[in-house]
Ligand code: 3HC
Ligand code: NAI
């Protein structure tokens, strides 16, 4: 094996290179390599530079080693060894300098950064805190506690330029390694005791205490149930209150506690799940087709957001609508959506103009003839979709990819309308499409490999999180909503208030509860789709209150009232007495005796219903991995990331318990609609998990 840490002598300066692709993570061999090479450097050089190969310094500890028995040297002691070096060490900070990577740079005596480098402490995103001295060295370097607490608790990286502004690095240079060598040459032989951050003495003041107190409140609010951000901030505060060694001991103890926590396991699970989901399936070969120009059909809610996404990524886009008026409306909405960012400084007026200039408008299908990818976002009816695809088949050039943004419909049937089903797939974006990161890529039976690869490449270019799904009503995410909403609505009939349902689930960590989501989406949407389906008596009863609300003009937020009433100015919600009356009316009609429903039951019934439907999707091949389902729910539905996702959560609860509960609930309200999944039941019987299923099937 080639060495991952090597030394190159540049005159009197030892340049210690770290080479551990793809991101120079601090795996065990890298940590020991740094210690060994630094020992040699001290015997033959006057100063050293620590640099990363491939234009990137170090992206942090090796996450794959977490949860395994620790192997010496631990990163904390590597940083201490660097700091204690008899010769000055300069970090050449380029590319990703994250987590343990930044902590390593803090162990060095000087830092030179590329202006575009990304410096950050993203540990909290993995449910942990910087565990190699970062919480104690950073406050000693920055002196401004606000900057330090922000970096430690938010996980957000900053640029090299910003890092220089706040005193995190000494210099910035485009030629980072050469500048670091020049600085090492300059400081060689000079005293550098005051550059050892562990020796800096910090004292607290009433101002510092107040800054942390305010920060703690804000962090608790932002974290929405995630534990690490507040703990990271609290440990950083210790830098002001206790000696360095005690701070390090506290950091270590908190790190060990967090790394073993369910939250950290869940966040690490989702980190790897995201990377796995973005990879092409194993059976897919070839390379993506070239996408230079994109067509979007429909300039409504979704078409507008999708076109914005493409224009933001630099693609020229032709938008087709039925009428000029519809185009006028769509273009005005896109412009106003972008322009809203001008005030907050997210975008300039020129930026808006530049994006708008990438959009062309038409009502003539022939104008789509030069597009390499055409995505339709027209009305959700099969007849309209069929008609659109027949027309596209006539005008689209050979090799153009034809995609549908349908929420539920059969992409095989849509593809069959064309003479080229191999060029057809689903690209299901989420609303608002320019903001929501999820993209379900629906692989139809005949979708060609290179078409699938092209959709993955477009997702990457437009910074979307892709998950490949199979054809099936509602694909992965929307399909699973049905039993989730069913349980929420049933429990309202059984005695829970909408408020209790929503609060129980936001307390669980969801961004919004299901009843509030129905009001936001518009109760009329479900109403219309239910009218198109032939619901059985039980299912019709579940949604009867919602249907009667629609018929009485309570459509949800858009009409000012639904299950709740919404304040016009603030959108704050309160009980809708009319909804309460309608719910009571339905209860009386069907002789439902209400009872007290615990928050625990609300969480169990909704979360187990989700996991059960996820298991059906797996068994049918609509989802290929349980971890893909978790990614879908994290990125498209506001599921709390620190719980990992509905399938990971189910594994945590234990499939045995869930199987028992499914049977128990199946005997009660909702009866047959629980439809326990054979896959879930058999995994439970074998004391296995969805994670095990993923391993067996990867
Ligand atoms: N450890 C192990 N593997 C890692 C890793 C890490 N820290 N960071 C990335 N990887 C792996 C990914 O899993 C992926 O592997 P794969 O190809 O087998 O799927 C590969 O490297 C490439 O990663 P990405 O696809 O994410 O590449 P990008 O170029 O899109 O992004 C990145 C690069 C911004 C560095 C991103 O990978 C990232 O955010 N990594 C995590 C950074 C992080 O959280 N660092 C802190 C670690 S915890 C720590 O340092 C604890 C310390 O305080 C003790
Ligand atoms: P919308 O009603 O806001 O927009 C549809 C637009 O398509 C309208 O502007 C209409 O004029 C245009 N249109 C209709 N038929 C057309 C045709 N034959 N040719 C050209 N333009 C035509 O609808 P929305 O919400 O944007 O939905 C569009 C599609 O996206 C649907 O398939 C829907 O299921 C799907 N979707 C919707 C989501 C949402 O939250 N609204 C989320 C994800 C997918």
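Just so you know, all these numbers are worked out from the coordinates, no wet-lab data involved. Worth saying up front: this structure is predicted, and the values here are computed from it rather than measured. No Cβ is skipped: glycine too gets one built from the backbone with ideal geometry, and neighbour counts run over all protein chains shown.
Per-residue extension of 0.36 nm, minus the Cα-Cα distance of residue 84 and residue 387, leaves a gain of 101.8 nm for this segment.
Which of rounded, prolate or oblate describes the range 455-516 when judged by the alpha-carbon gyration tensor and an a/c cut-off of 1.5? Working shown, then result.
Working: a/c = 5.07, a/b = 2.05, b/c = 2.48.
The shape class here is oblate.
Given a Förster distance of 35 angstrom, what is the FRET efficiency for residue 379 paired with residue 688, based on the Cβ-Cβ distance and rounded to 0.05? Don't skip to the answer; put the middle values down first.
Working: r = 44 Å, r/R0 = 1.24.
That pair, residue 379 with residue 688, gives E of 0.20.
Going by a ≥ b ≥ c, the root eigenvalues of the Cα gyration tensor, does the range 5-259 fall in the rounded group (a/c under 1.5), the prolate group (a/b larger than b/c) or the oblate group? Prolate is the answer for the range 5-259, as a/c is 1.5 or above and a/b outweighs b/c.
Residues within the reach of a label modelled at residue 175 (point 7 angstrom out along Cα to beta-carbon, backbone nitrogen below 17 Å), restricted to the range 107-149, are 112-116.
Subtracting the Cα-Cα distance of residue 520 and residue 242 from 0.36 nm times their residue separation leaves 95.2 nm of extension gain. Label sites at residue 572 and residue 599, each approximated as a point 7 angstrom past Cα along Cα to Cβ, lie 2.1 nm apart. When the Cα gyration tensor is reduced to axis lengths a ≥ b ≥ c, the ratio a/c is 1.5 or higher for the range 347-429, and with a/b above b/c it is classed as prolate.
So if we plug the beta-carbon distance of residue 416 and residue 559 into 1/(1 + (r/R0)^6) with R0 = 45 Å, what FRET efficiency do we get, rounded to 0.05? The value I calculate is 0.70.
Using per-residue counts of other Cβ atoms within 10 Å, averaged over each peptide, order 645-653, 528-536, 48-56 from highest down.
Working: 645-653: 25.0, 528-536: 11.1, 48-56: 22.9.
Per-residue mean Cβ counts within 10 Å order the peptides as 645-653, 48-56, 528-536.
If R0 is taken as 41 Å, the Cβ-Cβ distance between residue 221 and residue 200 corresponds to a FRET efficiency of 0.85.
The sum of -39500 (n - 2.57) across all DSSP H runs of n ≥ 4, divided by the residue count of the chain, sets its helix-only mean residue ellipticity at 222 nm to -15500 deg cm²/dmol. Within the chain, what percent of beta bridges assigned by DSSP are antiparallel, to the nearest 5? Given both bridge residues lie in the chain, the antiparallel proportion sits at roughly 30 percent.
So for each of 288-298, 570-580, 242-252 I average, over its residues, the number of other beta carbons within 10 Å; can you give me the resulting order with the highest mean first? Each step should come with its number before you reach the end.
Numbers: 288-298: 20.8, 570-580: 14.4, 242-252: 17.5.
Per-residue mean Cβ counts within 10 Å order the peptides as 288-298, 242-252, 570-580.
Looking at the range 5-259, the DSSP beta bridges with both ends there are about 30 percent antiparallel. The simple spin-label model puts a point 7 Å past each Cα toward its Cβ; for residue 71 and residue 116 those points are separated by 3.4 nm.
Per-residue extension of 0.36 nm, minus the Cα-Cα distance of residue 213 and residue 552, leaves a gain of 117.2 nm for this segment. Each of residue 366 and residue 657 was given a label point 7 Å from its Cα along the Cα-to-Cβ line. The distance between the two points is 6.6 nm. Give, as ranges by residue number, the residues of the range 13-33 whose backbone N falls under 14 Å from the point 7 Å along Cα→Cβ of residue 43. From the range 13-33, the list is empty.
Would you kindly calculate the mean projected area, averaged across all directions, of the convex hull enclosing the Cα atoms of the range 496-590, in square nanometres? Write out the running numbers ahead of the final one.
Working: hull surface 25.3 nm².
The number I arrive at for the range 496-590 is 6.3 nm².
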